2 protein chains.
Amino acid sequence: MTPDEFRAAGHELIDWIADRRTEVATRRVLPDVQPGDVAARFPNTPPTETASAAEVLGELEELIATGITEVQHPMHFGWFPSNASLSSILGDIASSGLGSLGISWESSPALTEVEEVVVDWMRQLCGLSDNWHGVIQDTASTACLVAMLAARERATDHAQTRGGLRNLPSALCVYTTAEAHSSVRKGALLAGFGADDIRVIDVDPWTRDMLPAHLAEVMQADVTAGHQPAIVVASAGSTGVTAFDPISEIAAIASIHDAWIHVDAAMAGSAMVLPEMRSRFEGIEEADSISWNPHKWFGTILDCSLMYLRDPQHLIRVMSTNPSYLQSTAAGDATQYRDWGVPLGRRFRALKLWYQLRIDGIASIQDRLRRDLENAQWIADEFAALDDWELVAPVRLQTVCIRHNPNDSLSGADLDAHTLRWVRELNSSGRAFLSPSQLDDQWMVRISVGAESTERSHLERLVVLIRGVAEA
Amino acid sequence: MTPDEFRAAGHELIDWIADRRTEVATRRVLPDVQPGDVAARFPNTPPTETASAAEVLGELEELIATGITEVQHPMHFGWFPSNASLSSILGDIASSGLGSLGISWESSPALTEVEEVVVDWMRQLCGLSDNWHGVIQDTASTACLVAMLAARERATDHAQTRGGLRNLPSALCVYTTAEAHSSVRKGALLAGFGADDIRVIDVDPWTRDMLPAHLAEVMQADVTAGHQPAIVVASAGSTGVTAFDPISEIAAIASIHDAWIHVDAAMAGSAMVLPEMRSRFEGIEEADSISWNPHKWFGTILDCSLMYLRDPQHLIRVMSTNPSYLQSTAAGDATQYRDWGVPLGRRFRALKLWYQLRIDGIASIQDRLRRDLENAQWIADEFAALDDWELVAPVRLQTVCIRHNPNDSLSGADLDAHTLRWVRELNSSGRAFLSPSQLDDQWMVRISVGAESTERSHLERLVVLIRGVAEA
């Protein structure tokens with residue numbers, strides 16, 4: 001494809017993207033497809049003929065775009081906000097267009113240094129001290145694995161340089177709660193911790209925040225039994241109900257045993273850019289690592305997960321490689337981000353954050369987040385005031401967890417069947433999308449407010465739609 | 001940013017990308033910057049004012065694009081080809097524009113199913129049997145880590161479900177060569193294998209291919225000592241000199257001890273789309289996992305690493321999570337790619353491969369790869385015929401490893417100083433870029449042929465430039 005062919009096709013594609021965004025609200029949120037439907041639209045052998053860019057765009061529209069869930073839709077309230085602001089999409093396009101290669105400082109000095117600049121800007125916008133040093137990972141799952149690996153090596157005085165995890169004198173223990181994201185358990189197991197050594201700490205039955213007294217008790221029991229506390233993962237805004245584990249109290253306990261403290265603020269970290277919300281994160285300065293995803297509520301297109309570390313030199317020692325073919329005299333003390341994570345090759349991800357901050361500006365992002373906090377409170381109040389509806393968890397940020405129980409007549413499996421019936425009916429209508437989730441083994445429904453395009457009017461419509469399917 | 005603002009800015013950005021590509025050969029390959037230079041162009045506090053998209057594009061041009069290494073330049077011969085074909089950039093832009101979210105089948109059915117379709121097309125184009133099941137990882141480094149984790153859990157009958165790696169009855173051993181990519185050692189250490197248990201198998205002194213007799217000997221010695229062979233990583237085209245470990249013979253040995261076999265074909269895997277080159281990969285069907293990067297020579301923009309597994313169900317058991325908030329009745333048996341790797345959230349990476357295959361077509365890609373093989377042979381013959389020049393390794397594909405030694409007068413540190421002097425002089429001129437690399441602790445220079453824009457005339461110019469700096 002020549003640059004001029006690219007130019008013509010690129011203009012058409014940009015128009016298509018702009019049109020799709022303009023009309024996003026006119027489409028279904030959840031696509032009307034079953035497993036296998038999309039794959040069946042394609043030949044099962046590779047194409048032998050080429051096609052024009054216009055034909056390919058036609059297939060993109062007909063065969064592919066009709067098979068995605070429209071998370072940019074104003075009636076998308078599922079999982080968590082997964083915003084892709086148009087400004088950040090421009091930055092992502094710039095990254096693709098540069099065709100740059102991040103394997104070392106020398107392979108793309110700007111890729112490394114703009115990342116350093118932008119993650120430091122974001123640190124300041126979050127009110128974090130300059131004790132923190134940042135990097136962009138793909139996702140918070142990866143950041144969690146990286147934290148687990150760093151903790152493992154700190155707890156074992158770099159066992160990887162000897163026999164690895166075999167023949168350790170004691171079990172290495174991981175502490176978290178049942179509300180923590182699934183990536184915490186996954187990261188622990190992948191890092192070589194055993195399922196037997198993951199401790200699930202009790203939570204407050206209403207807020208679902210970790211109970212520090214129970215953490216202290218379990219940790220002390222482990223030490224007494226000859227085990228070694230390696231890492232505590234505190235959720236700052238859990239996925240299910242936005243629980244905020246008390247980081248200050250956790251840190252005070254963990255520090256007695258020199259356990260690593262990782263704060264997983266994947267969704268809720270966006271709220272740190274609002275000074276009035278920072279009290280939710282009290283104690284975060286005491287952690288060893290933090291991660292949060294601008295690619296969620298904040299609005300930077302996936303993938304863009306910020307990870308901050310207090311001691312990057314420790315991580316570099318765990319991750320570092322320096323083969324001759326990647327050495328360069330010019331680089332000197334330059335940051336080599338390959339030593340801050342798993343992949344060697346990295347995209348120029350900082351550009352999407354940079355574009356967003358430069359074009360949209362932090363003030364407009366803050367305004368939008370505040371709008372969402374108010375909207376979440378508004379819809380929570382609506383349901384709280386209705387007969388037969390219950391808020392099953394407090395509204396800490398922008399997630400509202402509800403359950404409908406007509407005349408309080410249902411329980412157990414009957415209540416679950418009712419809940420799943422109405423939420424699936426709503427989701428399959430294509431008019432709105434909500435994620436059900438379990439709490440104490442009972443299904444409830446999460447309204448995760450925060451799509452960039454969601455205004456109060458959409459929330460008003462959501463109340464009508466939900467009541468229509470649930471109360472029918 | 002509104003869709004219409006995006007439309008206008010997007011058109012400007014597309015033109016800028018097309019113009020940059022048109023003029024790529026007029027720029028320096030290596031930018032004229034020192035560590036810190038790019039960062040110093042930016043304020044160290046976050047922007048408080050917004051800017052127009054045109055202003056931001058101006059800054060992208062002035063402050064950022066002047067600080068990248070132009071790996072799309074026809075005179076880029078460093079590391080490995082890092083092609084970003086314009087067709088694949090279009091696909092990447094489509095992915096960004098869709099703003100889709102890959103956390104489950106339901107979150108974007110097309111993201112999952114188009115990936116299944118396209119990785120299967122690529123499997124067929126590589127001549128791999130339908131025993132293989134594919135997924136796109138970000139990089140081969142990550143694929144290597146995933147293979148290490150899968151091997152670890154197979155060797156321990158899923159120790160992660162119990163106590164993890166502690167109290168294993170025997171050491172778990174990893175086998176590879178000194179020519180293997182740095183990510184092999186890194187992946188082993190991150191997966192919890194110890195440095196003490198990584199075995200570096202001897203290689204042929206000329207080809208640098210693993211010597212299977214030595215592998216058999218070391219593996220047997222480990223078993224005799226009560227250790228357990230866990231994984232062999234065979235390099236199919238190593239980074240330094242494109243060594244091809246003999247996979248058939250390795251597999252015969254590894255299978256005796258039920259060790260996992262991972263084939264790292266990160267760079268050279270592109271050659272599998274050339275039927276005449278497949279003999280280089282003989283035995284690959286016997287492996288347990290394979291990875292190679294379309295984002296290198298093949299020309300798909302970073303990041304796009306294909307990983308194929310013979311038994312994905314094993315990997316899924318190692319990686320799987322299924323929290324309530326990600327469950328969906330509709331999904332049924334649908335593939336959940338989150339269980340094939342580390343991150344939960346995934347981009348729509350299949351689109352860039354799909355665009356490339358549809359627009360450029362496999363035939364034109366094959367033609368380009370054959371051109372590069374011929375060009376590499378041509379420049380190798382040129383240097384072989386010159387006095388004072390030596391090919392220090394055989395030319396297996398598109399990498400030519402050379403050294404200059406005037407009148408055979410230099411050795412040891414003096415020879416290294418001469419080699420590094422001339423290659424750095426050439427690189428810092430900005431006219432071409434080559435990566436030096438070490439072989440038997442002596443520096444040599446790699447000419448990695450294969451940038452999409454590199455024609456014979458560029459190779460001819462490279463010979464003149466190299467001789468100019470080295471023979472001066």
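The values are calculated or read from the model by the stated rules, or taken from the named source; none is laboratory data. Predicted model, so just to flag it, every value in this text is computed and none were measured. Here the Cβ positions follow ideal geometry from the backbone for every residue, glycine too, while neighbour counts run over all protein chains shown. Just so you know, the surface numbers come from the protein's heavy atoms only, side chains and all, with ligands and any DNA or RNA stripped out. Shrake-Rupley method; radii C 1.70, N 1.55, O 1.52, S 1.80 Å.
Counting only helices (runs of 4 or more DSSP H) wholly contained in the range A:1-106, the ones carrying 3 or more residues that are farther than 30 Å from B:Asp130 by Cα and in contact (Cβ under 8 Å) with a residue 24 or more places away in the chain occupy A:3-22, A:86-98. Scanning the range A:366-387 for residues that are open to solvent by less than 10 Å² (accessible area, probe 1.4 Å) and either touching a Gly at 6+ places or on another chain (Cβ under 6 Å) or closer than 30 Å to A:Thr112 by Cβ (or both) yields a total of 2.
Answer with yes or no whether B:Asp37 is under 30 Å from B:Ile466 (Cα atoms) and either open to solvent by 60 Å² or more (accessible area, probe 1.4 Å) or not basic (Lys, Arg) (or both). Taking the combined requirement at face value, the residue satisfies it.
Of the residues making up the range B:344-366, not one is touching a Lys or Arg at 6+ places or on another chain (Cβ under 6 Å) and more than 7 Å from chain A (Cβ to nearest Cβ).
On the stretch given as the range B:238-257, residues that are surrounded by 20 or more Cβ atoms within 10 Å (Cβ to Cβ), of a type outside the set (A, V, I, L, M) and in contact with a strand residue (DSSP E or B) (Cβ under 6 Å, 6 or more places away or on another chain) total 4. Looking for something more than 26 Å from B:Leu86 (Cβ to Cβ), in contact (Cβ under 8 Å) with a residue 60 or more places away in the chain and away from chain A (no Cβ under 14 Å) - is there at least one such residue anywhere in the range B:446-463? Yes, the range B:446-463 contains at least one residue that is more than 26 Å from B:Leu86 (Cβ to Cβ), in contact (Cβ under 8 Å) with a residue 60 or more places away in the chain and away from chain A (no Cβ under 14 Å).
Answer yes if at least one residue in the range B:60-82 is at the interface with chain A (Cβ under 7 Å from one of its Cβ atoms), crowded, with 21+ Cβ neighbours inside 10 Å, touching a His at 6+ places or on another chain (Cβ under 8 Å) and not β-branched (Val, Ile, Thr), and no otherwise. Yes, the range B:60-82 has at least one match.
The set of residues from the range A:24-43 being facing chain B (nearest Cβ under 9 Å) and either touching a strand residue (DSSP E or B) at 6+ places or on another chain (Cβ under 9 Å) or not hydrophobic (A, V, I, L, M, F, W, C) (or both) comprises A:Leu30, A:Pro31, A:Gln34, A:Pro35, A:Gly36, A:Asp37, A:Arg41, A:Pro43. Restricting attention to the range A:306-314, does a residue exist that is in a loop (DSSP other than H, G, I, E, B), modelled with pLDDT of 90 or more, within 22 Å of the chain's Cα centre (by Cα) and of a type in the set (A, V, I, L, M)? No, because not a single residue in the range A:306-314 is in a loop (DSSP other than H, G, I, E, B), modelled with pLDDT of 90 or more, within 22 Å of the chain's Cα centre (by Cα) and of a type in the set (A, V, I, L, M).
Evaluation of A:Glu390 against the conditions (1) assigned to a loop (DSSP other than H, G, I, E, B); (2) surrounded by fewer than 16 Cβ atoms within 10 Å (Cβ to Cβ) shows that the sole unmet condition is (1). Taken together, the residues in the range A:107-127 that are under 19 Å from the mean Cα position of the chain (by Cα) and open to solvent by 10 Å² or more (accessible area, probe 1.4 Å) amount to 2. Selection of the range B:421-445 for residues being facing chain A (nearest Cβ under 10 Å) and under 18 Å from B:Val29 (Cβ atoms) yields B:Arg424, B:Asn427, B:Ser428, B:Phe433, B:Ser435, B:Pro436, B:Ser437. Scanning the range B:405-418 for residues that are touching a Leu at 6+ places or on another chain (Cβ under 9 Å) and either open to solvent by less than 10 Å² (accessible area, probe 1.4 Å) or of a type in the set (A, V, I, L, M, F, W, C) (or both) yields a single hit, B:Ala417.
Yes/no matrix, rows are residues, columns are (1) within 19 Å of the chain's Cα centre (by Cα); (2) at pLDDT 95 or above:
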| residue | (1), (2) |
| --- | --- |
| A:Asp264 | yes, yes |
| A:Val273 | yes, yes |
| A:Glu282 | no, yes |
| A:Thr329 | no, no |
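The residues of the range A:350-365 that are open to solvent by 20 Å² or more (accessible area, probe 1.4 Å) and of a type outside the set (S, T, N, Q), listed by number, are A:Arg358, A:Ile359, A:Asp360, A:Ile362, A:Ala363. Filter the range A:196-235 down to the residues that are small (Gly, Ala, Ser), under 17 Å from A:Ala171 (Cβ atoms) and open to solvent by less than 20 Å² (accessible area, probe 1.4 Å) and list them by number. Within the range A:196-235, just A:Ala230 meets the criteria.
Filtered by the rule that a residue be facing chain B (nearest Cβ under 8 Å) and under 20 Å from A:Ile253 (Cα atoms), the range A:171-204 gives A:Ala171, A:Leu172, A:Asp197.
Taken over the range A:206-230, residues that are in a helix (DSSP H, G or I), more than 30 Å from A:Val400 (Cα to Cα) and small (Gly, Ala, Ser) amount to 2.
The rows are residues; the columns are (1) in contact with a strand residue (DSSP E or B) (Cβ under 8 Å, 6 or more places away or on another chain); (2) under 22 Å from A:Asn427 (Cα atoms).
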{"site": "A:Pro47", "(1), (2)": "no, no"}
{"site": "A:Ala53", "(1), (2)": "no, no"}
{"site": "A:Val56", "(1), (2)": "no, no"}
{"site": "A:Ile64", "(1), (2)": "no, yes"}
{"site": "A:Pro81", "(1), (2)": "yes, yes"}
{"site": "A:Ala84", "(1), (2)": "no, yes"}
{"site": "A:Ala94", "(1), (2)": "no, no"}
{"site": "A:Gly97", "(1), (2)": "no, no"}
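Residues that are at the interface with chain B (Cβ under 7 Å from one of its Cβ atoms) and of a type in the set (Ser, Thr, Tyr) within the range A:83-106 comprise A:Ser85, A:Ser87, A:Ser96, A:Ser100, listed in sequence order.
Within the range A:137-170, the set of residues being closer than 22 Å to A:His295 by Cβ and more than 7 Å from chain B (Cβ to nearest Cβ) comprises A:Gln137, A:Ala140, A:Ala143, A:Cys144, A:Val146, A:Ala147, A:Met148. Scanning the range B:302-327 for residues that are surrounded by fewer than 24 Cβ atoms within 10 Å (Cβ to Cβ) and among the small types (Gly, Ala, Ser) yields B:Ser320, B:Ser324. Among the residues of the range B:139-178, the one identified as among the basic types (Lys, Arg), touching a residue at least 24 places away in the same chain (Cβ under 8 Å) and open to solvent by 10 Å² or more (accessible area, probe 1.4 Å) is B:Arg154. Take the range B:258-301 and flag every residue that is more than 27 Å from B:Gln72 (Cβ to Cβ), open to solvent by 20 Å² or more (accessible area, probe 1.4 Å) and not in a helix (DSSP H, G or I). Listed by number, the residues that qualify are B:Asp258, B:Glu282, B:Asp288.
Would you confirm, using the coordinates I've provided, whether B:Ala451 is part of a loop (DSSP other than H, G, I, E, B) and under 22 Å from B:His295 (Cα atoms)? Here the answer is yes, as B:Ala451 does meet what is asked.
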